[in-house]
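Accompanying notes for the structure given below.
Bear in mind that the values in this text are calculations on the coordinates, not laboratory data. Everything numeric in this text was worked out from a predicted model, so none of it was measured. Here the Cβ positions follow ideal geometry from the backbone for every residue, glycine too, while neighbour counts run over all protein chains shown.
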Amino acid sequence: MPANLFKNFDFNLLDSPDFKEDSVREELITPLLHALGYQASGAFQIGRSKVLVHPFVMIGIKKHKVNIIPDYLLRVKNHFAWVLDAKRPDQKIVNDTNVEQVYSYAIHPEVRVDIYALCNGRELVVFHINHIEPILKVALQDVENKWSDIEKLLSPYTVLSYQPRPKNLYPDYGRHLYKLGYTDQNIAHFFYEMPVDHIARVDDETLSILVNLAPDGVEFALSFDFSFERLVELVNLAPENQQHYILDGLRRQPYKVNIVPPFTVSVEAYLGSLTKAEFEDIMPMIVKKFY
């Protein structure tokens, strides 16, 4: 790290109403990125204000283009590596809609990076798309003491290799909904014509099915957890010649049945609780009704 990166910066300026987002960019973020090794051109490039078309907006039956613009898209040898957004010093950058906004940049079909970060001049906060909580929080006044942690995570030499997940592990859809801001666990979500090709018994009270879906071209794994009461509902929707096979298979080890050919159901479900796994945080959907 360059010695005393912010030696000549007066952090009391952050309390001034005149010190806004553009000042955070110029006085703090740009020197930080340069210290990490990123420049306006070259192999480790700072991309500024790339316009992206928001993939989620529909009004009635018509798609409407809505442009979204992340402040920084950092490249490593022509690959997008991570996203960084600047905020005013008085703005929250944890547990806020600002975080949801930058997550939407990170998972955008034109970007698709694992790491995204926010900086309001007071703190640098870094997130991974697979986890709810930040993976790094650093007060900018303490950058010198935390530089090895920052460099290990965000350096152009290391950022693309941070916590690689197995190639066959699709991101969890429940967590994806949560990170987009759908945090109310009392809101019903409806899924139509979901294929059921297996049913697994998780424990003495819970069963589960896993479905892959790909909204906007990004493939997710969607877990539906449900009770034995809902199992009766589900089995009644299966073809008659499969019903006994399903119930019989779930009574004994390995407590899982594969269903060929699959049948389809529609589901009303609610966002479940967070479960921390080895590679990612998982939020299953809790089934209220199969129909």
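Counting only DSSP H runs of at least 4 residues, each contributing -39500 (n - 2.57), and dividing by the residue count of the chain, the helix-based mean residue ellipticity at 222 nm comes to -5500 deg cm²/dmol.
Across region 6-23, computed HN-Hα scalar couplings (Karplus, 6.51 cos²θ - 1.76 cosθ + 1.60, θ = phi - 60°) run 10, 4, 9, 9, 8, 5, 5, 4, 5, 8, 7, x, 7, 8, 10, 4, 5, 5 Hz from first to last residue, x flagging Gly and Pro.
Taking Cα atoms only, the orientation of helix 143-154 departs from the longest principal axis of the chain by about 50 degrees. Between 0 and 90 degrees, the angle of helix 97-106 with respect to the longest Cα principal axis of the chain falls at about 80 degrees.
Potential lengthening of the chain between residue 190 and residue 149 amounts to 10.6 nm, from the contour at 0.36 nm per residue minus the alpha-carbon distance. Amide H contacts of residue 265 (H built 1.01 Å from N, in plane; Pro and chain starts excluded): 193, 194, 196 sit under 5 Å, all sequence-distant by 5 or more or on other chains. Cβ crowding within 10 Å, taken as a proxy for footprinting-reagent exposure, orders 155, 161 from fewest neighbours to most as 161, 155. In percent, rounded to a whole number, the relative contact order of region 11-161 is 20, using alpha-carbon pairs under 8 Å and six or more apart.
Among 83-92, 221-230, 197-206, 112-121, the peptide with the highest mean count of other Cβ atoms within 10 Å heads the list, and the full ranking is 112-121, 83-92, 221-230, 197-206. Near the amide H of residue 71, within less than 5 Å, lie the amide hydrogens of 86, all on another chain or at least 5 residues away, with H placed in the peptide plane.
For the chain, the longest principal axis of the alpha carbon atoms and the long axis of helix 240-249 meet at an angle near 70°. Taking every C-alpha pair closer than 8 Å and separated by at least 6 residues, the mean separation divided by the residue count of the chain gives a relative contact order of 14 percent.
Once the Cβ-Cβ distance between residue 203 and residue 15 is put in as r, and R0 is 45 Å, what FRET efficiency do you end up with, to the nearest 0.05? Approximately 0.30, to the nearest 0.05. Amide H contacts of residue 272: 285, 286, each under 5 Å away and 5 or more positions distant or on a separate chain (H built 1.01 Å from N in the peptide plane; Pro and chain starts excluded). Summary value for region 173-290: 35 percent relative contact order, contacts being C-alpha pairs under 8 angstrom separated by 6+ residues.
If one computes the Cα centroid of region 81-130 and of region 215-230, what distance in Å separates the two points? Region 81-130 and region 215-230 have Cα centres spaced 26 Å from each other.
Projecting the Cα atoms of 97, 227, 265 onto the charge dipole of the chain, computed from C-beta unit charges around the Cα centre, puts 265 farthest toward the positive end.
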